[in-house]
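Student: Could you have a look at this structure, given as structure tokens, before my questions?
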Amino acid sequence: MTTEPTNALAKLTHNLTTDASQQKFILMKDFLEHTAPGKFETISYRSSAYGQDTRRVVALPPIELHCDTCEKLTNYEHHSNQCDFIGKRSDKFITYTCRNCKKASVTYAIQFIVENESLTHIQKYGQNPAFGPRTPKKFLAALGKEADLFLKGRRAENQALGIAAYAYYRRVLDAKKDLLFDKVIAAANELGAEPALIQELTTAKKATRFTEATRTLRSAMPRSLLINGENPLTLLHDALSDGLHNQTDVQCLEAAGNVRVVLIHFIEQLDLALQKDQAVSIAAAAIKRQKNKLEKPEEQ
Ligand SMILES: [Zn+2]
């Protein structure tokens with residue numbers, strides 16, 4: 001969250017041009033759906049006299065977001081389709097509700113800084129639920145009590161707090177090392193991996209920290225578990241091993257984003273491999289039962 005208005009103003013004056021017609025403005029719908037917190041954009045608004053002052057009205061059109069209740073992309077709307085304010089600056093909470101279920105909502109904390117009679121600069125202080133790709137519910141459920149740490153990492157990432165996000169995700173991986181290795185070993189077993197790999201993973205799992213456990217992995221993973229041809233455990237190790245001490249905030253932010261994407265994708269891949277194999281085992285067992293029945297009709 002931007003807490004220093006002077007910084008915000010400094011940023012603005014740096015970017016301002018004096019001729020409003022030269023400025024590009026964004027549609028409110030695009031701003032709400034796609035602009036990350038902390039980034040200034042310019043939007044147009046209507047104004048009318050309000051006593052000695054001016055009343056400024058910003059249209060709030062329907063927007064499209066994913067609804068976790070409806071489990072699909074739906075339309076969200078604001079109850080009055082507009083918000084208004086008096087004066088040159090204003091901070092507003094704006095809430096949109098899912099038009100379909102009328103239960104899910106998203107609230108934006110927004111700052112308006114008027115530039116002239118038709119344009120205002122605008123930024124999100126933040127939003128709830130957090131901006132950015134959503135975190136799958138199944139993934140959060142798998143993290144158990146560490147889901148809270150992961151979501152704190154997600155919030156830190158949304159506010160560009162790279163070192164914080166990085167530290168939260170590393171804590172999650174250290175706490176969930178055993179769960180992750182158990183899933184990898186189970187999936188590797190089901191996918192018919194070499195015994196050497198299973199042995200290596202079982203030994204590695206005994207290390208205390210995630211980066212220690214993944215440092216010495218050498219054996220090839222089953223192809224269907226690779227991400228872009230790389231071992232995901234090695235990718236996570238490489239993103240985390242350089243540590244907080246050597247990297248800048250910006251580098252940590254990038255590493256944290258990579259860790260999040262790879263971890264979510266990898267756990268989904270592992271679950272998929274295990275589910276597929278379960279389905280195959282059930283089908284194989286059913287075929288075997290049927291075959292036995294045909295071979296031993298006298299038992300029926
Ligand atoms: Zn809904």
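The values are calculated or read from the model by the stated rules, or taken from the named source; none is laboratory data. It should be emphasised that the depicted structure is a prediction, and the values quoted were computed from it without experimental measurement. Neighbour counts are summed over all protein chains in view; Cβ atoms, including those assigned to glycine, are modelled from backbone coordinates with ideal geometry. We work out accessible area using only protein heavy atoms, side chains counted, and drop any ligands, DNA or RNA first. Shrake-Rupley method; radii C 1.70, N 1.55, O 1.52, S 1.80 Å.
Student: Pairs to check: Lys102/Lys276; Lys24/Lys102; Lys29/Lys103; Lys39/Lys145; Lys137/Lys276. Give those whose C-alpha atoms are more than 28 Å from each other in this structure.
Tutor: Pairs exceeding 28 Å: Lys102/Lys276; Lys24/Lys102; Lys39/Lys145.
Student: Okay, next question. Roughly how many percent of the accessible protein surface of the chain is carbon and sulfur, given a 1.4 Å probe and a whole-percent answer? Could you put the intermediate results ahead of the total?
Tutor: Numbers: 9090 of 17320 Å².
C and S atoms contribute 53 percent here.
Student: If you don't mind, there's one more thing I want to ask. Just the number please: accessible area per residue for region 43-156, 1.4 Å probe, all protein chains included, in Å².
Tutor: Here the residues of region 43-156 average 52 Å² of exposed surface.
Student: Okay, next question. Pop a pseudo-label 7 angstrom from the Cα along the beta-carbon direction at both Leu294 and Glu254 and give the gap in nm to one decimal.
Tutor: 6.0
Student: What value, in deg cm²/dmol to 500, does the helix sum -39500 (n - 2.57) over DSSP H runs of n ≥ 4 give at 222 nm once divided by the residues of the chain?
Tutor: Using -39500 (n - 2.57) per qualifying helix, the result is -15000 deg cm²/dmol.
Student: Just the Cα atoms of region 100-187: what Rg and Dmax do they give in Å?
Tutor: Cα only, region 100-187: 18.1, 64 Å (Rg, Dmax).
Student: Please give the charge dipole size of the chain, origin at the Cα centre, charges +1 on K and R Cβ atoms and -1 on D and E Cβ atoms. Round to the nearest 20 debye.
Tutor: 580
Student: Moving to a separate point now. Would you kindly calculate the translational diffusion coefficient of region 137-282, applying Stokes-Einstein with the Kirkwood radius from alpha carbon pairs, for 4 °C and a viscosity of 1.567 mPa s, and quote it in µm² s⁻¹ without decimals?
Tutor: Numbers: Rh = 15.6 Å.
Approximately 83 µm²/s, per Stokes-Einstein.
Student: May I ask for log10 I(q)/I(0) of the chain at q = 0.09, 0.10, 0.12, 0.13 Å⁻¹, from a Debye sum over the Cα atoms as equal point scatterers with solvent left out?
Tutor: Log10 of I(q)/I(0), two decimals: -0.63, -0.73, -0.91, -0.99.
Student: Still on this structure, I have one more. Once you've got the GNM for the chain with C-alpha springs shorter than 10 Å, pick whichever of Val280, Val172, Val261 has the biggest mean-square fluctuation.
Tutor: Val280
Student: How much length would be gained if the chain were fully extended between His265 and Ile227, taking 0.36 nm per residue of separation minus their Cα-Cα distance, in nm to one decimal?
Tutor: My answer for the length gained is 12.8 nm.
Student: Also, I was wondering about something else. So what is the relative contact order of the chain, in percent, for Cα pairs below 8 Å that sit 6 or more residues apart? If you can, show how the numbers build up before the last one.
Tutor: Working: 403 pairs, mean separation 36.7, N = 300.
It rounds to 12 percent for the chain.
Student: I would also like to ask the following. Quick one: how many Å² of Cys252 are accessible to a 1.4 Å probe, rounded to 10?
Tutor: Accessible area, nearest 10 Å²: 0 Å².
Student: Once you keep just the Cα pairs under 8 angstrom separated by 6 or more residues, what percentage relative contact order results for region 32-183?
Tutor: The normalised contact order for region 32-183 reaches 20 percent.
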